[in-house]
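A.B. asks: Submitted below is the structure of interest, expressed as structure tokens.
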Amino acid sequence: MNKSVAIIGGGPAGLMAAEVLSKHNIKIDVYDAMPSLGRKLLMAGKSGLNITHSENLEGFVSRYGNKKTEIEKWLKQFSPDDLRNWVHEFGIETFIGTSGRVFPKGMKASPLLRAWINKLSEAGVEFHLRHKLIGLNGRTGLTSLTCRFETPDGLKIVEADAVILALGGGSWKRLGSTGEWVEMLKQLDVKVEALKPANCGFDAEWSNHFLEKYHGYPIKSVTLSFESFHQQGEFIITKEGVESGLIYSASAMMRDEIEKNGKAIIFLDLAPDTTKEKLIEKLSKPRGSRSLASYVEKTIGIKGVKMGLLYEVLSKEDFLNAEKLASFIKRLPISLIATRPLDEAISTAGGVSFD
């Protein structure tokens, strides 16, 4: 009799587990609480499906911080290049964007998801939708488990030789990843780290005037510095604070700093292609009858939301001091006081412990 595996979760992790197992003589059943598969993947594709990154493996692995040693072993077995080749097998071409990120040529996730599900169905994988996991009972560790599901037809109990949990983190609950599995695993004496926001936005204390004028605006061509992080790019001003781009790239470090000290102070270089000395030279020229905003725009090209940021931090006297103004343009402190709620995060940290 064939061995059976129950995969709980119909997102990318669950589907990939099903694909790997489908190459063996195993009965595979995928269960998902939602009415359709891959909902979070489809949401990611709405703004362009970022499949992976094109940087070399050494640089790619470094993104995993203090867990890079463990994760490097996995990435050597299935690298970012392997992932791109896997996408190509579905007849979907990819391209590298200006940021180095890799996208499908059509940008959307639906063609990939549709082809993937068809492939798995043809391989004999069975899918069970509207099956919400509500309990796990283990007999011998984490093998030979009984899974209890809430379904439209009532309680359903499933036994399998092995169970793979691919339930995601705790963000975007409306798409299926509720994080409820954390307590289930704790009851089975599995060590689980608390779920935290990752790739998330942050709260900042903007003035009402700044918010009314600039919320939703992108801050382009800036360098963000925080501890060992220094990167040029862009991010977005929100009603609550900041999000996107550079903010997501440094979010784990900033989140940890807020947990320790109650805030994280980032520094922005608003003119990364101009030296401080050059700025001082230009700003030392007479202003004449021009307004401060007009003078700064005409002299060094800073205007709009960048000028608004300067007004958030500097006094009028600071603007009149060329050296001080140049210093703030090159290193403008912005205080972040909290992460956005877990459910808003692009992804979450935590989960089953490596220890």
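Any read-out appearing in this document is the output of simple, stated calculations on the displayed coordinates, not a laboratory observation. Just so it is clear, the model here is predicted, and its values are computed rather than measured. When we count neighbours, we look across all protein chains shown, and the Cβ atoms used for this are built from the backbone with ideal geometry, even at glycine.
A.B. asks: Identify all residues within region 162-185 that are surrounded by fewer than 16 Cβ atoms within 10 Å (Cβ to Cβ), within 19 Å of R130 (Cα to Cα) and either among the aliphatic types (A, V, I, L, M) or in contact with a helix residue (DSSP H, G or I) (Cβ under 8 Å, 6 or more places away or on another chain) (or both); write none if there are none.
C.D. replies: K173
A.B. asks: Going by what's in this entry, would L283 be described as buried (at least 19 other Cβ atoms within 10 Å of the Cβ) and among the aliphatic types (A, V, I, L, M)?
C.D. replies: Yes: the conditions hold for L283.
A.B. asks: Can you pull out the residues in region 313-337 that are crowded, with 16+ Cβ neighbours inside 10 Å and part of a helix (DSSP H, G or I)?
C.D. replies: Within region 313-337, F319, A322, K324, L325, A326, F328, I329, K330 meet the criteria.
A.B. asks: Please go through region 19-70 and pick out each residue that is closer than 19 Å to F103 by Cβ, basic (K, R) and part of a loop (DSSP other than H, G, I, E, B).
C.D. replies: Within region 19-70, K46, R63 meet the criteria.
A.B. asks: Given the conditions (1) more than 30 Å from S177 (Cβ to Cβ); (2) in contact with a Ser or Thr (Cβ under 8 Å, 6 or more places away or on another chain), which single one is not true for E317?
C.D. replies: Against the list (1) more than 30 Å from S177 (Cβ to Cβ); (2) in contact with a Ser or Thr (Cβ under 8 Å, 6 or more places away or on another chain), E317 comes up short only on (2).
A.B. asks: Which of the strands (runs of 3 or more DSSP E) contained wholly in region 128-241 include at least 3 residues that are within 19 Å of the chain's Cα centre (by Cα)?
C.D. replies: 192-198, 218-226, 229-237
A.B. asks: Sticking with this structure for a sec: Give me the residue from region 98-119 that is in contact with a strand residue (DSSP E or B) (Cβ under 7 Å, 6 or more places away or on another chain), in contact (Cβ under 8 Å) with a residue 40 or more places away in the chain and outside any helix (DSSP H, G or I) and, out of that set, surrounded by the fewest Cβ atoms within 10 Å (Cβ to Cβ).
C.D. replies: So, considering only residues that are in contact with a strand residue (DSSP E or B) (Cβ under 7 Å, 6 or more places away or on another chain), in contact (Cβ under 8 Å) with a residue 40 or more places away in the chain and outside any helix (DSSP H, G or I), the one surrounded by the fewest Cβ atoms within 10 Å (Cβ to Cβ) is G100.
A.B. asks: Here is a check on your reading of the model: is L188 at negative phi, of a type in the set (A, V, I, L, M, F, W, C) and in contact with a helix residue (DSSP H, G or I) (Cβ under 7 Å, 6 or more places away or on another chain)?
C.D. replies: When the stated conditions are applied, L188 does not pass them.
A.B. asks: What's the total number of residues in region 69-97 that are over 15 Å from P12 (Cβ atoms) and either surrounded by fewer than 15 Cβ atoms within 10 Å (Cβ to Cβ) or of a type in the set (G, A, S) (or both)?
C.D. replies: So the answer is 15.
A.B. asks: A further question on this structure: (1) in contact with a Leu (Cβ under 9 Å, 6 or more places away or on another chain); (2) surrounded by 15 or more Cβ atoms within 10 Å (Cβ to Cβ); (3) not hydrophobic (A, V, I, L, M, F, W, C): which one isn't true of H131, the others all being true?
C.D. replies: H131 satisfies every listed condition except (1).
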